[in-house]
Amino acid sequence: MTKKEMIHAISQATGLSLKEAEGAFTAMVDIITKEITTEEKAAVSGLGTFEVRGRSARKGRNFQTGEAVKIPSSKSVGFRAGKNLKEAINR
């Protein structure tokens with residue numbers, strides 16, 4: 001589902017205009033992003049938990065040249081599905 005399709009679905013499900021649904025969707029994404037960057041975790045009841053996960057530095061390889069490359073440590077976002085979502089998927 002694309003962002004546009006999600007906004008359209010929110011609009012139909014809630015009766016909001018497309019502009020209002022886009023504002024609500026954007027606000028939700030912004031709030032989750034802010035929460036993850038400051039608290040490193042955002043739990044959405046009924047959906048799951050978004051959290052920052054660290055990746056340690058490691059050695060890699062440039063596939064084109066075969067040369068060894070050092071890959072620096074970094075952070076990424078992980079998602080762990082909540083109980084309700086897991087149950088819905090496994091029905």
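The values are calculated or read from the model by the stated rules, or taken from the named source; none is laboratory data. Since the structure is predicted, the reported quantities are computational estimates derived from the model, not experimental observations. We place every Cβ from the backbone using ideal geometry, glycine too, and count neighbours over all the protein chains shown.
Annotations for the structure displayed:
- Near pairs, Cβ below 7 angstrom, 6+ apart or cross-chain, from the stretch 17-42 (under 14 Å from residue 6 (Cα atoms) and in contact (Cβ under 8 Å) with a residue 12 or more places away in the chain) to any residue that is assigned to a helix (DSSP H, G or I) and hydroxyl-bearing (Ser, Thr, Tyr): 21/11; 21/14
- The set of residues in the stretch 8-27 that are more than 16 Å from the chain's Cα centre (by Cα) and of a type in the set (Val, Ile, Thr) comprises 10, 14.
Matching residues to (1) small (Gly, Ala, Ser); (2) modelled with pLDDT of 95 or more:
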| position | (1), (2) |
| --- | --- |
| 17 | yes, yes |
| 45 | yes, no |
| 50 | no, yes |
| 64 | no, no |
| 73 | yes, yes |
| 76 | yes, no |
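- When residue 38 is tested against (1) of a type in the set (Ser, Thr, Tyr); (2) modelled with pLDDT under 95; (3) in contact with a strand residue (DSSP E or B) (Cβ under 9 Å, 6 or more places away or on another chain), exactly one condition is not met: (3).
- Hits in the stretch 53-91 - residues which are part of a strand (DSSP E or B) and basic (Lys, Arg): 53, 55, 58, 59, 61, 70, 75, 80
- Residue in the stretch 22-42 that is of a type in the set (Gly, Ala, Ser), surrounded by fewer than 12 Cβ atoms within 10 Å (Cβ to Cβ) and farther than 24 Å from residue 84 by Cβ present: no
- Failed item in (1) surrounded by fewer than 11 Cβ atoms within 10 Å (Cβ to Cβ); (2) of a type outside the set (A, V, I, L, M); (3) in a strand (DSSP E or B); (4) touching a helix residue (DSSP H, G or I) at 6+ places or on another chain (Cβ under 6 Å), with residue 50 passing the rest: (1)
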